[in-house]
Amino acid sequence: MLFLNRHEVERLLELDRLVEALGPAMVELSAGRVSMPPRVVAQVPEQEGLLAAMPAFLNRPQVLSTKLVSVFPQNAARGLPSHQAVILVFDPSTGSPRAMLDGTAITAARTAAGSALATSLLARPEARILAIVGTGVQARAHARAIPRVRPIREIRVVGRNQDRATALAEEVAHHLGVPAKAFDLAQGAFAGVDVICATTHSAEPVVRGEWLEPGVHINSVGLNAKGRELDGETIKRALVVVESRGAALAKAPSGSNDLLWAIRDGLVGEEHIHAEIGEVISGARPGRTSPEQITLYKSVGVAVEDAVAAHLVLEAAIRQGVGREIQL
């Protein structure tokens, strides 16, 4: 069995190829041609954490894998990633284990790649100003991913901790060569913004409907069993697109409280979910229909995305002779 560590995964996984590869896989998922059961979750109440198992089988490309991922939101205070994971890839012909990969890097990359794919489909073509809410791993990943699909000329890092927001803005400007500035979490941070990426574990909404200007596109990837990062008014005002209706509407902690709570409060019904991203790609459902429309991609993360990313990494590792063979 081939073993690939985090450094190797990060080096082998090409973000542009991942964004491209996710599209056909999400079409397959929406068409019902993927085996992807609901994730299984064990909760650790004392730490507000969880351990989830996420298996999937795709026929095109042929990949059978499962991810084991822990989500411990309090890790930020410990200097640790909130999401930590391993991915196992199996031979789809025999069921034999083929590879074990670091899943922490893959989780960060595939989530941001999914948002980049959604942005390419839903954001206005002329989108120039990007606001990233949060200062963690996903904030960094989204800062790298979104400018690949839209001509971003300004990045705003929006956070409640100004020291962290300032540090990330400086890092982003240095590495991407795009002007970046820190903003407090308030309505003014979103004035004139074209794309918002909410990447938090916040228990209280960090994006509010009253702050949104016409035409903005929102990517929301935060998942909190006890909270939400979008308020009900945001959900109500937006054209909502998800990875999978079933995954998005699953009970907490797997599903999206942003959507579930808006439904619970009577603001919208389940039919308010306009489309799955695969349906938009295939043309089964339309995406944005006007420049003034507010669009929302609400991601909870699905196993198909991990499988696609792991497949790309494994193919690259075999081509380049990277990794170590281990015996179980």
Conditions (1) in contact (Cβ under 8 Å) with a residue 24 or more places away in the chain; (2) more than 16 Å from the chain's Cα centre (by Cα) -> Leu80 fails only (1)
Checking Gly266, Gly227 in turn, the sole residue that is modelled with pLDDT of 95 or more and either over 30 Å from Arg33 (Cβ atoms) or in contact with a helix residue (DSSP H, G or I) (Cβ under 6 Å, 6 or more places away or on another chain) (or both) turns out to be Gly266
Across the range 289-316, which residue is nearest to Cys197 (Cα to Cα) among those that are more than 12 Å from the chain's Cα centre (by Cα) and outside any helix (DSSP H, G or I)? Leu296
From Arg17, Arg6, grab the single residue that is more than 22 Å from Phe57 (Cβ to Cβ) and not β-branched (Val, Ile, Thr). Arg6
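Matching residues to (1) modelled with pLDDT of 95 or more; (2) farther than 26 Å from Ser282 by Cβ; (3) surrounded by 18 or more Cβ atoms within 10 Å (Cβ to Cβ):
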site	(1), (2), (3)
Ala53	yes, yes, no
Val86	yes, yes, no
Ser96	yes, yes, no
Ala99	yes, yes, yes
Val133	yes, yes, yes
His142	yes, no, yes
Arg148	yes, no, no
Glu154	yes, yes, no
Residue under question is Asp102, and the condition is that it be among the charged types (D, E, K, R), under 22 Å from Val137 (Cβ atoms) and not assigned by TED's automatic domain parsing to the domain that holds Ala247; does it hold? yes
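The values are calculated or read from the model by the stated rules, or taken from the named source; none is laboratory data. Note that this is a predicted model, so its numbers are computed, not measured. Note that each Cβ is placed from the backbone with ideal geometry, even for glycine, and that neighbours are counted across all protein chains shown.
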